[in-house]
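Below is one structure, written out as structure tokens; comments come after it.
The values are calculated or read from the model by the stated rules, or taken from the named source; none is laboratory data. Keep in mind that this is a model prediction, so the values were computed, not measured. Positions of Cβ are generated from backbone atoms using ideal geometry, with glycine treated the same way; all protein chains shown enter the neighbour counts.
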Amino acid sequence: MLKKRFFASFLLLILLLSLTLNVAAKTKISFWHNWSGEGVKAIDSIVNQFEKVYPDIDVEVILTTKIEQKLLVSIAGGAAPDVVLFDRYKTGQFAARGALTELDKFIENSSIKSEDFFNAAWGETIYRGKIYSIPYYVDNRALLYNKKLFEEAGLDPNDPPETWDELIEYSKKLTKYDDEGRITQVGFVPIWDWASLVHYIWQSGGTVFNDDMTKVVFNNEIGVNALQWIVDFIDMCGGVDELISFSSGFGAQINNPFYIGQVAMQSNGPWIYRDIERYAPGFLKNDLRIAPLPKNTEHATIAGGFSLIIPKGAPEPEAAWKFIQYLVQKESQIEWAFASGTIPALKAAAYSDQIMRDDFWEAFVKNMEYGKYRPVHPAFPEVESYIYQAVDKAVYHKMTSKEALDWAAERAQVILDQHNLKIINN
């Protein structure tokens with residue numbers, strides 16, 4: 001009897017040890033993101049599904065604010081997370097600082113292919129010939145306009161402006177004034193919302209840097225003409241001060257000037273969907289229309305979005321890579337898109353029936369055809385800040401368009417040279 005009890009206890013001990021070893025054998029990875037709202041629920045759902053497929057991996061989801069600063073601190077302190085949802089626009093900056101893991105070796109042995117993603121998204125993951133992230137979602141800027149206001153102005157809402165010249169003519173017809181000559185409704189303002197001089201340079205066939213990114217070229221004839229077009233457009237509206245006076249009465253949320261008809265056309269992106277759905281569902285259903293941004297010589301729009309990265313020094317890069325692959329498969333991409341109000345970076349998901357059956361999302365998915373990515377260079381964010389300052393100087397008539405862009409180019413070239421020297425030395 002004693003032997004039987006001993007044997008049973010021994011078997012129980014073996015079983016407990018086995019269970020303990022199985023638990024201990026699990027790999028734990030951390031996933032940082034800064035999303036909120038319905039997107040959080042989608043992330044939790046996708047993580048739960050992943051853990052069922054990979055029961056040997058536990059994912060700790062961590063909502064993290066100020067990700068960029070904390071990421072650098074965590075890497076320096078030897079406590080990097082395994083996967084981060086990261087602004088793809090910053091790829092060049094962080095790759096140049098050695099903060100990101102090269103993913104080429106992982107991609108070579110996986111089913112992930114560059115052609116499965118939007119070109120503008122994939123191109124932004126590459127720095128100096130190496131891939132540092134996998135696109136998760138994309139966005140772009142389009143021309144959003146009010147069907148009702150078009151009809152009131154005698155314009156065909158099915159025939160939006162295609163060119164810069166047409167945009168000017170449409171804007172004139174859509175702008176209204178009171179008896180004192182004050183604007184009560186504006187057609188379009190080229191520097192409001194998510195518009196950028198970079199857009200207009202691209203739409204004229206120009207670029208910010210030369211091909212090898214050793215020289216800034218945004219102050220050439222193409223850039224100067226693009227900025228002058230903006231200045232002339234603003235002056236046509238009555239100047240910056242008049243537009244500031246008009247916009248001082250703008251409300252927010254339910255009283256957003258675009259929703260209530262104070263602004264007829266604007267440059268904006270798909271992120272606006274949730275707000276319109278919440279505060280102006282009637283406008284979304286009946287009067288909102290979307291078209292590509294008008295062109296000078298070609299259609300072009302900034303395509304942004306976020307990617308998934310494995311930081312340098314991540315404790316479990318192999319498990320992290322499995323998680324990334326799961327996040328960018330078609331089903332996961334569609335689930336995330338619906339919850340977060342974003343466009344999947346995977347083309348098979350973006351062009352799926354679930355996404356394309358909605359007019360709003362169909363328009364933005366199709367607009368990715370014209371998407372371009374900003375230069376993947378650590379100097380670009382600083383260079384872009386000088387471009388914005390140049391626009392301000394020109395529209396306020398503190399400098400001519402040529403003077404403003406030359407002023408910006410002189411300073412931007414110094415920044416570019418400094419970064420390129422660091423690259424050479426490294």
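List of remarks:
- Scan of the stretch 111-121 for residues that are modelled with pLDDT of 95 or more and either over 16 Å from Gly305 (Cβ atoms) or assigned to a helix (DSSP H, G or I) (or both), ordered by number: Ile112, Lys113, Ser114, Glu115, Asp116, Asn119, Ala120, Ala121
- Each residue in the stretch 329-351 was checked for being polar (S, T, N, Q), out of contact with any strand residue (DSSP E or B) (no Cβ under 6 Å at 6 or more places or on another chain) and touching a residue at least 60 places away in the same chain (Cβ under 8 Å), and 2 pass.
- Residue count for the stretch 266-299 under the criterion of being aliphatic (A, V, I, L, M) and under 21 Å from the mean Cα position of the chain (by Cα): the result is 5.
- Checking Glu115 against (1) over 13 Å from Ile324 (Cα atoms); (2) in contact (Cβ under 8 Å) with a residue 40 or more places away in the chain, the condition it does not meet: (2)
- Of all residues in the stretch 255-305, those being assigned to a strand (DSSP E or B) and either among the hydroxyl-bearing types (Ser, Thr, Tyr) or closer than 20 Å to Arg357 by Cβ (or both) number 6.
- Phe246 meets all of the listed conditions (1) at pLDDT below 95; (2) under 30 Å from Ala96 (Cα atoms); (3) outside any loop (DSSP other than H, G, I, E, B) but one, namely (2).
- Taking the stretch 349-380 as the range and being surrounded by fewer than 21 Cβ atoms within 10 Å (Cβ to Cβ) and in contact with an Asp or Glu (Cβ under 7 Å, 6 or more places away or on another chain) as the test, only Met356 passes.
Table: residues versus (1) surrounded by fewer than 20 Cβ atoms within 10 Å (Cβ to Cβ); (2) more than 21 Å from the chain's Cα centre (by Cα); (3) among the acidic types (Asp, Glu).
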| position | (1), (2), (3) |
| --- | --- |
| Asp104 | yes, yes, yes |
| Glu108 | yes, yes, yes |
| Gly123 | yes, no, no |
| Ile126 | yes, no, no |
| Tyr136 | no, no, no |
| Ala142 | no, no, no |
| Gly154 | yes, yes, no |
| Pro161 | no, yes, no |
